[in-house]
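See below for the structure under consideration.
The values are calculated or read from the model by the stated rules, or taken from the named source; none is laboratory data. Values in this document were obtained by computation on a predicted structure and should not be read as measured data. Note that each Cβ is placed from the backbone with ideal geometry, even for glycine, and that neighbours are counted across all protein chains shown.
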Amino acid sequence: MKSSSNPRQQILETASRLFYQKGIQKVGINEIIATSKVAKRTLYRYFPSKDELIEAVMKHRATEWLYWFETSVGDRGNTPKERLLATFDVLREWYASPDFRGCPFINAVLEIADTSHPAHDVSVRVRESIRLQIKSLAEQAGVKDSEAFSQQYLLLIGGASLMATIEGVDGGAGYAQKALSTLIDSSVK
C-alpha cells in the first residue's frame, strides 16, 4: 500500500486496514498512530475520539466499496439480467481475494452491538444502496415485484458473504447465483 502524503487520509487508510484485519475492538489508537506514522496530536486533530475515527473509516470504506461494486457490475453483462447475475461473479472474486475477512459492514455491526453507533447507520446505508441498485436492475429486467426481489437478493448476498467468511471459500457465490437465476426466472413479468 502506498503511503498518502495527506495525514488524514493516511490515518483513514491505516485504520481501515487494521480494523478490517484485526477487528475494530482489537485495534487501539496507539497502534493506529504507530502504524500510520503520525503524531498523536495529528490523529486527534482530525478524529477527536475513536468513535469519530470508526465512523469516518466506515464512511470511507462504504464509498470505496459501493463504487467498486457498482463499477464492477456495470462492466459486466449486456442486459440487466446478466448484470444481476454478474453481481455474484464480482462477489466471488472478492471472496477469493487473499485479504478477504468478511463483509466489513456486517463485521462492524456485529462488533459494535450498539445500534445508535454511527457505524451501524453507515452499514444500514450500504445495505440500502445495494438494495436500490439491485431493485433498479430488477425493474429493468422486468421483475414483477422489484421491492420483494431486492430484499430476497439481500438474503442471498448475506448468506454468500457469511459462507465465504466462515468457510474461507467462494463457493457460496455460485450457489447464490443459481438461486438468483431461479428467482429472476420466476419473477419476470
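I'd like the full set of residues that are farther than 12 Å from residue 91 by Cβ and among the aliphatic types (A, V, I, L, M), limited to segment 163-189.
Of everything in segment 163-189, those that are farther than 12 Å from residue 91 by Cβ and among the aliphatic types (A, V, I, L, M) turn out to be 166, 169, 179, 183, 184, 188.
For segment 118-189, please list each of the helices (runs of 4 or more DSSP H) lying entirely inside it that holds at least 2 residues being closer than 26 Å to residue 99 by Cβ and hydroxyl-bearing (Ser, Thr, Tyr). Spell out the reasoning first.
Numbers: elements: 118-141, 146-167, 171-187.
Once the helices (runs of 4 or more DSSP H) in segment 118-189 are filtered for at least 2 residues that are closer than 26 Å to residue 99 by Cβ and hydroxyl-bearing (Ser, Thr, Tyr), what remains is 118-141, 146-167.
Would segment 78-96 turn up any residue that is of a type in the set (S, T, N, Q), touching a Lys or Arg at 6+ places or on another chain (Cβ under 9 Å) and not assigned by TED's automatic domain parsing to the domain that holds residue 138?
From segment 78-96, those of a type in the set (S, T, N, Q) are 78-79, 87; that's our starting set.
Of the ones still in play, those that are also touching a Lys or Arg at 6+ places or on another chain (Cβ under 9 Å) are 87.
Next, only the ones that are not assigned by TED's automatic domain parsing to the domain that holds residue 138 stay: none.
No, the conditions are met nowhere in segment 78-96.
Residue 59: within 28 Å of residue 114 (Cα to Cα), touching a helix residue (DSSP H, G or I) at 6+ places or on another chain (Cβ under 7 Å) and surrounded by fewer than 16 Cβ atoms within 10 Å (Cβ to Cβ), yes or no? Can you show your working first?
On the way: within 28 Å of residue 114 (Cα to Cα): yes; touching a helix residue (DSSP H, G or I) at 6+ places or on another chain (Cβ under 7 Å): yes; surrounded by fewer than 16 Cβ atoms within 10 Å (Cβ to Cβ): no.
Spelling it out, it is not the case that residue 59 is within 28 Å of residue 114 (Cα to Cα), touching a helix residue (DSSP H, G or I) at 6+ places or on another chain (Cβ under 7 Å) and surrounded by fewer than 16 Cβ atoms within 10 Å (Cβ to Cβ).
So which residues in segment 21-56 are of a type in the set (A, V, I, L, M) and exposed (fewer than 14 other Cβ atoms within 10 Å of the Cβ), if there are any at all?
Taking segment 21-56 first, the residues of a type in the set (A, V, I, L, M) are 24, 27, 29, 32-34, 38-39, 43, 53-54, 56.
Hits for segment 21-56 are 34, 39.
Could you check segment 118-156 and list, in sequence order, the residues that are surrounded by 17 or more Cβ atoms within 10 Å (Cβ to Cβ), among the hydrophobic types (A, V, I, L, M, F, W, C) and under 13 Å from residue 183 (Cβ atoms)?
134, 137, 138, 141, 143, 149, 156, listed by residue number.
So how many residues does segment 53-108 have that are farther than 22 Å from residue 25 by Cα, touching a residue at least 40 places away in the same chain (Cβ under 8 Å) and outside any helix (DSSP H, G or I)?
1
In this structure, does residue 12 turn out to be over 30 Å from residue 130 (Cα atoms), free of Cβ contacts under 8 Å to residues at least 60 places away in the same chain and not assigned by TED's automatic domain parsing to the domain that holds residue 137?
No; evaluated as a whole, the condition is false for this residue.
Kindly evaluate residue 107 against the criterion of being assigned by TED's automatic domain parsing to the domain that holds residue 166, under 27 Å from residue 167 (Cβ atoms) and of a type in the set (S, T, N, Q).
Details: assigned by TED's automatic domain parsing to the domain that holds residue 166: yes; under 27 Å from residue 167 (Cβ atoms): yes; of a type in the set (S, T, N, Q): yes.
It is true that residue 107 is assigned by TED's automatic domain parsing to the domain that holds residue 166, under 27 Å from residue 167 (Cβ atoms) and of a type in the set (S, T, N, Q).
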